[in-house]
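None of the figures in this text is laboratory data; all of them are computed from the coordinates on show. Just so we're clear, the structure is a prediction, and the values are computed from it rather than from any experiment. Using ideal geometry, Cβ is built from the backbone for each residue, glycine included, and neighbour counts are taken over all protein chains shown.
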Number of protein chains: 2
Amino acid sequence: MDMSAEGVVALSLPRAMAQAAEEIDAALDALLPRPEGGEARLFEAMRYSTIGGGKRLRGFLVLEGARQFNVSRQAALRVAAAVEMVHAYSLIHDDLPAMDDDDLRRGKPTCHKAFDEATAILAGDALQTHAFTVLAEEETHPDPSVRVELVRRLSRAAGPRGMVGGQMLDIMAEQATAPLDEPAIGRLQLLKTGKLIEVSAEAGAILGKAATPQRHALEFYGRDLGAAFQIADDLLDATATAEEVGKATGKDAGAGKATLVGLLGIERARLQAERLVAQARDHLDSFGEKADLLRLLADYVIDRRN
Amino acid sequence: MDMSAEGVVALSLPRAMAQAAEEIDAALDALLPRPEGGEARLFEAMRYSTIGGGKRLRGFLVLEGARQFNVSRQAALRVAAAVEMVHAYSLIHDDLPAMDDDDLRRGKPTCHKAFDEATAILAGDALQTHAFTVLAEEETHPDPSVRVELVRRLSRAAGPRGMVGGQMLDIMAEQATAPLDEPAIGRLQLLKTGKLIEVSAEAGAILGKAATPQRHALEFYGRDLGAAFQIADDLLDATATAEEVGKATGKDAGAGKATLVGLLGIERARLQAERLVAQARDHLDSFGEKADLLRLLADYVIDRRN
């Protein structure tokens, strides 16, 4: 058994992620209480799509980033929950019939299948709004400049020059006659999934009022991690079964989706992901042992099986 | 010709609203620049649904509220534009086939008719996100506590305990077997349209760091105005033609929609709207002549023809 320091940390990554997921679920449960009245259905749909599902990669990044600067766990959990709400909203809307038309998500029926289309549209809308309420409330941080900076960075990452812009690019790419080249795919994925992962890694530094170089280090770590994660996701789509990953697979090739795996082939794409992971780890050079889970997380995103 | 002070102001309300609408359009144009690349389509759809349409009631409320406290016009216009983005996003999503399935809005094809459903979903999503970016940016106000308070109030008004919650209630009411009673309709409309109008009136006081009583006065003015506006809207739906109002009419009765007009009848609903308008004006008692346009606006919302 590997009992070196790194070995002990490696053993604890899955445990730390499971623990974080549990704490994030508890935070989401508290932030989305079931109300009386007709809007209860809306909250049920919001809870259905956020609580008890997913790896919580983004929330885990918030928590680990915040831990580097000794931010209170309660504050970090609110921000982690807000980021996961934005992520969940994007998945609900992506799964809609007018978008990717998916029936399965995180191993269970998608929101519009479990409820209906109108409720799913509204649940997505409300999760996005509620994420900004949570960030703006005083419980998140006593300093208003910290709270408003979190709103500014998360809204930019999620908006038309971030996640939603990337989703639009993805739809345009499917309809285009010529396939995208490597820089275009890289940009699409940076916007669609990268920016949100980047801001998740950066958020702890904002909460901790970190010096600019450390904040940037986490931001760049998040960017490389996000790019590696996307390639790993596409590799899983190309090689794994739906049962293994809890959602439909093999869809990208079928839909002619623009992915680096499709463009470069499985082996070269895997090499590129490994290069990105090494680069992500390099950004953490100025951090001490406390960042070991973030280092291991970089390896994990390309080794994962689901 | 009525040349009393009130008469002169009355003459200038339509002019002031037209002027404000023009300035808000210019602000939206600047805040939604057309980018290069595939996401240009997203911005086109966002622009299509925000610029050059609507009465700008909410934006006008922001501007007039801000004027009471000598807030810079540029700051007030950013907040007015943000509120109009949130309003436009809600209209885009409400018009979707899975929701109200409307083809006509503000006298032109709805967003999903002019573009497509996926683009309309994304344009709505992105308008909401971008509104919070605009509020959070330093150009809106040098004091971060003002900016974050704007985010907090607008997100609460638009979220699951506000606008989106009201939309959910509306859908539930259509599917319910028993009609809603008066308090339930009042609550539905307060959430669905009232909260956003309320926060529009309050926003200028937040920007102007007004004392609590004045801020509350504008908030309560907005609440009564919003309730009166909703009844007027339902009266128009019951009595006007589509050509007159630029969207489909007579739909409420057909869809069995829960409105006070349906419950109370046209005459009693009109009386209630007049009572609300008088109450809205009363809230402005501590304000001087500068608030005359807000007083006239209260009369206007129930006298308007579209």
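Taking 1 over the mean of 1/r across every pair of different Cα atoms in segment B:1-120, what Kirkwood radius in Å do you get? Display every interim value, and only then the final one.
Working: mean 1/r = 0.0636 Å⁻¹.
Averaging 1/r across every pair of different Cα atoms and inverting gives 15.7 Å.
Figure the gain on full extension for residue A:138 and residue A:267 (residue separation times 0.36 nm, minus the Cα-Cα span) and round it to one decimal in nm.
Stretched fully, the residue A:138-residue A:267 segment lengthens by 41.6 nm.
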Using the per-residue mean of other Cβ atoms lying within 10 Å as a proxy for protection, in what order, highest first, do the peptides A:193-203, B:69-79 fall?
A:193-203, B:69-79
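State, as an integer percentage, the relative contact order of chain A based on alpha-carbon contacts under 8 Å between residues 6 or more apart.
Numbers: 440 pairs, mean separation 56.7, N = 306.
Here the relative contact order equals 19 percent.
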Along its three principal axes, how long is segment B:5-303 when you only count alpha carbons? Whole Å, largest extent first please.
52, 51, 34
Report the FRET efficiency, 1/(1 + (r/R0)^6), for residue A:103 and residue B:289, where r is their Cβ-Cβ distance and R0 is 51 Å, rounded to 0.05.
0.25
Every other copy gets compared here: list the nm distances from the residue B:106 label point (7 Å along Cα to Cβ) to its counterparts, shortest first, one decimal.
3.5
Could you tell me which residue out of B:144, B:76, B:134 lies farthest along the dipole of the protein assembly as shown toward its positive end? Charges go on the beta carbon: Lys and Arg +1, Asp and Glu -1, centred on the Cα centre.
B:144
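Taking only the C-alpha atoms, wrap a convex hull around the protein assembly as shown and report its volume per residue in Å³ as a whole number. List each step's numbers first, then the result.
Values: hull volume 91.3 nm³, N = 612.
Cα-based convex hull of the protein assembly as shown, divided per residue, equals 149 Å³.
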Could you give, in nm with one decimal, how far residue B:142 is from each other copy of that position, shortest first, with labels 7 Å out from Cα toward Cβ?
2.5
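Of B:289, A:39, A:137, how do they rank once you tally other Cβ atoms within 10 Å and put the fewest first?
On the way: B:289 10, A:39 25, A:137 17.
With the fewest neighbours first, B:289, A:39, A:137 line up as B:289, A:137, A:39.
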Modelling each spin label as a point 7 Å along the Cα-to-Cβ direction, I'd like the residue A:240/residue B:145 distance in nm, to one decimal.
4.8 nm
Total Lys pairs in chain A closer than 15 Å by alpha-carbon, pairs eight or more apart in sequence or interchain only?
5
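Counting only other chains, and only Cβ atoms inside 10 Å, what mean value do you get across the residues of B:167-175? Mind showing how you got there, number by number?
On the way: counts 7, 14, 5, 1, 7, 7, 1, 0, 1.
Mean shielding by partner chains, rounded to a whole number: 5.
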Inter-part distance where segment A:139-179 and segment B:149-210 are each reduced to a Cα centre, Å:
26 Å
Would you mind checking which residues have amide H under 5 Å from residue A:104's amide H? H placed 1.01 Å from N; only 5 or more apart, or other chain.
A:110, A:248
Which three numbers, in whole Å and largest first, are the semi-axes of the equivalent ellipsoid of segment B:88-246 derived from its Cα gyration tensor as √(5λ)?
28, 21, 15
What is the average number of partner chain Cβ atoms found within 10 Å of a Cβ in B:27-38?
2
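Among rounded, prolate and oblate, which fits segment A:173-232 when a ≥ b ≥ c are the square roots of the eigenvalues of its C-alpha gyration tensor, a/c under 1.5 means rounded, and a/b larger than b/c means prolate?
On the way: a/c = 3.35, a/b = 3.17, b/c = 1.06.
Here segment A:173-232 falls in the prolate category.
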Applying a 10 Å radius around every beta-carbon, put B:56-67, B:138-149, B:96-107 in order of their mean neighbour count, most first.
B:56-67, B:138-149, B:96-107
Farthest toward positive dipole pole in segment A:10-99 [+1 Lys/Arg, -1 Asp/Glu at C-beta], among A:61, A:32, A:51:
A:61
What's the average, rounded to a whole number, of partner chain beta-carbon atoms within 10 Å of each residue's beta-carbon in A:141-152?
6
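How long is the gain from residue A:303 to residue A:15 if the chain were fully straight, where each residue apart is worth 0.36 nm and the alpha carbon distance is subtracted? Before the final figure, lay out each step's value.
Numbers: separation 288, 0.36 × 288 = 103.68 nm, distance 1.62 nm.
Here the answer is 102.1 nm.
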Cα extents of segment A:106-154 per principal axis, largest first, Å, are 41, 22, 18
Shortest first, in nm, what separates the label point of residue A:275 from those of the same position in the other copies (7 Å along Cα→Cβ)?
7.3
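Using +1 on the beta carbon of Lys and Arg, -1 on that of Asp and Glu, and nothing else charged, what's the dipole of segment A:31-161 about the Cα centre, debye to 20? Walk me through the intermediate numbers first.
Details: 18 positive and 19 negative charges, 121 e Å.
Its charge dipole is roughly 580 debye.
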Multiply the residue separation of residue B:22 and residue B:274 by 0.36 nm, subtract the distance between their alpha-carbon atoms, and state the gained length in nm to one decimal.
87.8 nm
